[in-house]
Amino acid sequence: MEYNVEKIRRDFPGLDRSFYGHPMVYLDNTATSQTPRQVVEEIERLYYNHKANVHRGVSSISQEATDRQEATRRRVAEWIGAGSVEEVIFTRGTTESINLVAASFGQRFKEGDEIILTVMEHHSNIVPWQLLAMRTGIRLRVVPLGSDNSTLDFESYRLLFNDRTVMASFCHVSNVLGTVNPVSEMIAIAHSHGVPVLVDGAQAVPHMKVDVTALDADFYVFSSHKMYGPTGIGVLYGKRDLLESMPPYQGGGEMISSVSFGGTTWADLPFKFEAGTPDFIGIAALHRAIDYIDSIGYDAIYRHEKELLDYAVDGMKGIEGMRIFGNSPHKSAVISFLIGNAHHYDTGMLLDKLGIEVRTGHHCAQPLMRALGIEGTVRASLAMYNTKEEIDMFLLALRRIAPMLA
Ligand code: PLP
């Protein structure tokens, strides 16, 4: 079936903007994607007609809300290949999911234990472990980039494991380089040392089918707002035995079995990790985002984004002074670049004046910037609704501004 990008775009009214008299070309999908009307209409419908708190007793309206939230949990579990529905915990986002694992699972680690991270991590997969290190005295070991400055130095990764290694945590896809890491092999290596793994899937789930059971990930985390869903919702997948062995992360309503001043007992999974009222409307609407992705299909999305990526990179290579960061053969649709020695901010500002919405800066990956010997980049990132015409506008804009920046 032919990929009908115009039909897809009609579902995303948020794309219909202009800046400085130019139609907007939205190329900041790595930061957050736009949301289809199917999701927004569901949010509106639920707010107007079905607002009731979840897990709050016998009222029909509350029961309906609970059923909707739990239907999304089943949908997510089946969608990512989880072994059971109790292994899916709703959080506020990737960041909170990682903080939860670091704070709760991390309680078992002790001084001298080592956690392996990589240099291409987002700050949200670095700082929670640093906080843990401050509390416990664990050490962080970091996998560097290989000589291509795009992929991880796999041999270093292998060699970092020793009998003090207690955990490995790395991204599936880099938010700066677009590199798709060989997570399956990386997990197998960690497991051969008896080490559990957390995979940060924030930049994978919007673009590729993820099967946590096939990967054998111990924890897998992602954010709804990057995959066309509502803001403020995240998922933590964890293997049941690990989640069961972990203490609660936050205390409050819903995460308890019984409370007394003599002692409190915890609810069963998944509720043990879901203290307080969740964003039950957002969670229900996440269901529609998953349905939307499935209605287009990951294979079709991948082919479309890859075609645009190759077309954009080819066009950019012809521009004087263009430096592209991230040339892995397995690359998601993220293009980080600099033009000559121009500051990323100036490039981004000039692109903005032409309606091209990109991201500039360190992209919450300062250690990676340091490894690359730069302060920041301009980042153009694609989604299922971008078009070849938009890439042409992007390339035209780059050709216009490059001489000004030289
Ligand atoms: N991990 C990666 C790879 C990311 O790209 C991001 C956001 O850009 C995050 C984690 C943090 O996601 P959130 O801010 O939704 O928690």
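Within this structure, Ala71 fails the test of being away from the ligand (no atom under 16 Å from the Cβ), farther than 20 Å from Gly201 by Cβ, of a type outside the set (D, E, K, R) and part of a loop (DSSP other than H, G, I, E, B).
When region 96-131 is filtered for residues that are surrounded by fewer than 23 Cβ atoms within 10 Å (Cβ to Cβ) and in a loop (DSSP other than H, G, I, E, B), the ones remaining, listed by number, are Phe109, Lys110, Glu111, Gly112, Asp113, Val119, His122, Ile126.
Only a single criterion out of (1) touching a residue at least 40 places away in the same chain (Cβ under 8 Å); (2) within 22 Å of Gly83 (Cβ to Cβ); (3) not polar (S, T, N, Q) is not satisfied by Ile281, namely (2).
Cβ-Cβ contacts under 6 Å between residues 6 or more apart (or on different chains), taken from a first residue in region 168-192 that is open to solvent by 10 Å² or more (accessible area, probe 1.4 Å) to a second residue that is within 11 Å of the ligand (Cβ to nearest atom) and in a strand (DSSP E or B), are listed as His172/Val199; Val180/Val173.
Whether a residue is over 30 Å from Phe337 (Cβ atoms), within 13 Å of the ligand (Cβ to nearest atom) and not β-branched (Val, Ile, Thr) was assessed, and Pro247 does not pass this test. Checking the condition open to solvent by less than 10 Å² (accessible area, probe 1.4 Å), of a type outside the set (Asp, Glu), on the phi > 0 side of the Ramachandran plot and at pLDDT 95 or above, which residue from Gly373, Gly355, Gly321 passes? Answer to the check: Gly355. In this structure, Arg288 does satisfy being charged (D, E, K, R), touching a residue at least 60 places away in the same chain (Cβ under 8 Å), open to solvent by 30 Å² or more (accessible area, probe 1.4 Å) and under 30 Å from Lys388 (Cα atoms).
If the condition is being out of contact with any Gly (no Cβ under 9 Å at 6 or more places or on another chain), open to solvent by less than 10 Å² (accessible area, probe 1.4 Å) and either part of a loop (DSSP other than H, G, I, E, B) or farther than 18 Å from Val183 by Cβ (or both), then region 144-161 contributes no residue at all.
Just so you know, in region 54-81 the residues that are more than 20 Å from Tyr292 (Cα to Cα) and in contact with a helix residue (DSSP H, G or I) (Cβ under 6 Å, 6 or more places away or on another chain) include one that is surrounded by the fewest Cβ atoms within 10 Å (Cβ to Cβ), and it is Arg56. Any residue at all in region 132-143 that is crowded, with 24+ Cβ neighbours inside 10 Å and more than 13 Å from the ligand (Cβ to nearest atom)? Checked against the condition, which is being crowded, with 24+ Cβ neighbours inside 10 Å and more than 13 Å from the ligand (Cβ to nearest atom), region 132-143 yields at least one hit.
The values are calculated or read from the model by the stated rules, or taken from the named source; none is laboratory data. Quantities reported herein were computed from a predicted structural model and do not represent experimental measurements. Neighbour counts are summed over all protein chains in view; Cβ atoms, including those assigned to glycine, are modelled from backbone coordinates with ideal geometry. The accessibility values were calculated without ligands, DNA or RNA, using every heavy atom of the protein model including side chains. Shrake-Rupley method; radii C 1.70, N 1.55, O 1.52, S 1.80 Å.
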